[in-house]
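Read through the structure below, which is laid out as structure tokens, and then see the notes.
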Amino acid sequence: MTKHIFVTGGVASSLGKGLTASSLGRLLKSRGLRITMQKLDPYLNVDPGTMNPFEHGEVYVTDDGGETDLDLGHYERFIDESLSRDSNATTGSIYSAVIAAERRGDYLGKTVQVIPHITDEIKRRITRLAGDDVDVVITEIGGTVGDIEILPFLEAIRQFRLDVGRENVLYVHVTLVPFIGPAGEQKTKPTQHSVTELRSRGIQPDAIVCRSETAISSELKRKISNLCDVPVDAVVNAADARSLYEIPLIMHDEGLDAVVCQHFGFTELDIDLSEWEILVDRVERASTPVRIGLIGKYVSLPDAYLSVVEALNHGGFFHGAKAEVEWIQAEDAEGLLADGRLRDLDGIVIPGGFGERGVEGKVAAAGYAREHQIPCLGLCLGMQVMTIEFARNVLGLTGANSSEFDPTSAHPVIDIMDNQRDVTEKGGTMRLGAYVAELLPGSQVARAYGREVVSERHRHRYEFNPRYRSRFEGSGFVCSGTSPDGRLVEFIELEGHPFWVGTQAHPEFKSRPERPAPLFRDFIDAALARAEGRNPHLPDLDAEPPASSSSPATA
Ligand code: GLN
């Protein structure tokens, strides 16, 4: 019988509930359990696909093309399992399903209500992740207890325990223990209130995870235990960590996984955290600075590029380097070109995006990187602007553009494919999810992947226009990966440049801390080579064994 853990949050949002859930997932996986995870979001959007990244952060894409909450990225990176669209449900999607069933007449004329119909649909979403091949489903409930929209979810998970049995369900509540300066004390009252709120919905937490700036004392834990009726061993402190990768180790030291295993009767399972410890050690040693400019539209909300930044970090861990991201507003990129700031970067990433704003700045940055031999990685829109730049400035195709930005361009080097043209509904034409590409043997991209057939996730409408392909390929621009039928260009690179590589896909979604996405790994390597060239005092990371500390590194 699959066991279920429900993670709720109280007191404040952004406490790291998703990271807590992911860390617990990792710990249970490290005990040999088969884990899957899910996020239930109380907002009304049917999925995050249409939500503004300024407000909601990145849209994370799964292999099966689900446009999901960014917490799924944390889940995948921590438990190292590929999830599906079923791992994210919203109030909007749940109501849509219930209303569609009502229109079909499935309810046989009954009055359709929040309880039982909406709650039953929520429980169906939870149950469909369970099965013979899953030991534990971890379900995170978005929002905080006390929100109006969260009530049907709390009711559903309360009922769920009755449905499947007490021994198969565990509730974890994440709260904040703030430090109140004038009193000079950490305060438990918000936790008490939040647990009271949860109990008023019929849910008694089995464990409480207290987020705090600094460690809380055992006396305070006893107080929380007493007032919230949770065994003291199940009051877990997650004080701010140096890196997010430390969180599973902290949770383990605090005994969270032990509480879970005790509850579910998994007591005989030993934990093996050695792989994760190696990772944390590597993260701590990754110190050689490498300056990466991220030329984006949503740079005021770094969460909009969460997986890109994570993938850069992963590439850094691999090489013992620390990716220092410089957030560059795309609209400012042209100005930055003029003042020479881009020259000080070791690498430039041009991430995905929609809409015209900032595109010319990105084109300018791609051109600067090409001309000044600065490593450059283009992701989706990034590959498209590299293509536009090359068309205009190398091929001399004046006015070359994407038909997304200039529908009347004389040279639509990025365009909607003919078979998509008449699909007008927004979203209807999006290429979403995993697609296979075949790589050109011997190309930089094929060397990076170490394979010639790869699968990466997509989320876009426009494509490299095949009508122009031969013109590009005659000028040093290499189409180094295509769809298996050869029609769609998936990867590009430039002959004679240290690293000027673009992909129509989003390889950042499949990057893992222990296994960086190959293009990010090699991009960081190229950026490090440039950093060493600029700062000859940095150690040559490829020198084996390391030369004496005084010897200068080679560029
Ligand atoms: N706007 C571009 C397209 O739809 C790129 C999308 C993206 O970068 N994800 O093709």
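The values are calculated or read from the model by the stated rules, or taken from the named source; none is laboratory data. Computed from a prediction, not measured in an experiment: that's the story for all the values here. Counting neighbours? That spans all protein chains shown, and the Cβs are built from the backbone with ideal geometry, glycine included. For accessibility, only protein heavy atoms count, side chains too; no ligands or nucleic acids. Shrake-Rupley method; radii C 1.70, N 1.55, O 1.52, S 1.80 Å.
If you take the residues of segment 448-472 that are over 25 Å from the mean Cα position of the chain (by Cα) and open to solvent by 80 Å² or more (accessible area, probe 1.4 Å), which of them is farthest from the ligand (Cβ to nearest atom)?
So in segment 448-472, the residues over 25 Å from the mean Cα position of the chain (by Cα) come out as 452, 464-472.
Those still in the list that are open to solvent by 80 Å² or more (accessible area, probe 1.4 Å) too: 452, 467, 470-471.
Values: 452: 25, 467: 17, 470: 22, 471: 21 Å.
Residue satisfying both the conditions and the ranking: 452.
Residue by residue, here is whether (1) assigned to a helix (DSSP H, G or I); (2) among the acidic types (Asp, Glu); (3) out of contact with any Pro (no Cβ under 6 Å at 6 or more places or on another chain) holds:
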| residue | (1), (2), (3) |
| --- | --- |
| 248 | yes, no, yes |
| 251 | yes, no, yes |
| 257 | yes, yes, yes |
| 260 | yes, no, yes |
| 263 | yes, no, yes |
| 284 | yes, yes, yes |
| 290 | no, no, yes |
| 295 | no, no, yes |
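Mind listing whichever residues of segment 366-393 are more than 9 Å from the ligand (Cβ to nearest atom), small (Gly, Ala, Ser) and buried (at least 23 other Cβ atoms within 10 Å of the Cβ)?
The first filter runs over segment 366-393 and keeps only residues more than 9 Å from the ligand (Cβ to nearest atom), leaving 366-378, 385-393.
Imposing the further condition that a residue be small (Gly, Ala, Ser) reduces the set to 366-367, 369, 378, 391.
Result: 366, 369, 378, 391.
Checking residue 207 against (1) modelled with pLDDT of 95 or more; (2) open to solvent by 10 Å² or more (accessible area, probe 1.4 Å), which single condition isn't satisfied?
(2)
I'd like the residue in segment 345-365 that is assigned to a loop (DSSP other than H, G, I, E, B) and in contact with a Leu (Cβ under 6 Å, 6 or more places away or on another chain) and, out of all such residues, is nearest to the ligand (Cβ to nearest atom). Even if it seems obvious, please write down each step before you answer.
So in segment 345-365, the residues assigned to a loop (DSSP other than H, G, I, E, B) come out as 345-346, 351-358.
From what is left, the residues that are in contact with a Leu (Cβ under 6 Å, 6 or more places away or on another chain) are 351-353.
On the way: 351: 7, 352: 3, 353: 5 Å.
By that ranking, first place goes to 352.
Of everything in segment 225-267, what is in contact (Cβ under 8 Å) with a residue 40 or more places away in the chain and more than 15 Å from residue 24 (Cβ to Cβ)? Give them in sequence order.
242, 243, 265
Count, please, the residues in segment 492-510 that happen to be under 25 Å from residue 78 (Cβ atoms) and hydrophobic (A, V, I, L, M, F, W, C).
Of the residues in segment 492-510, the ones under 25 Å from residue 78 (Cβ atoms) are 503, 505-510.
Those left that are additionally hydrophobic (A, V, I, L, M, F, W, C): 505, 509.
Residues that pass the stated criteria total 2.
When you look at residue 396, is it among the small types (Gly, Ala, Ser), away from the ligand (no atom under 15 Å from the Cβ) and under 16 Å from residue 477 (Cβ atoms), yes or no? Please lay out each step first, then the result.
Values: among the small types (Gly, Ala, Ser): yes; away from the ligand (no atom under 15 Å from the Cβ): yes; under 16 Å from residue 477 (Cβ atoms): yes.
Criteria met by residue 396.
Which condition from (1) modelled with pLDDT under 95; (2) at negative phi is the one that residue 427 breaks?
Status for residue 427: all satisfied but (2).
Within segment 297-321, can you find the residues that are buried (at least 19 other Cβ atoms within 10 Å of the Cβ) and part of a loop (DSSP other than H, G, I, E, B)?
Listed by number, the residues that qualify are 297, 298, 299.
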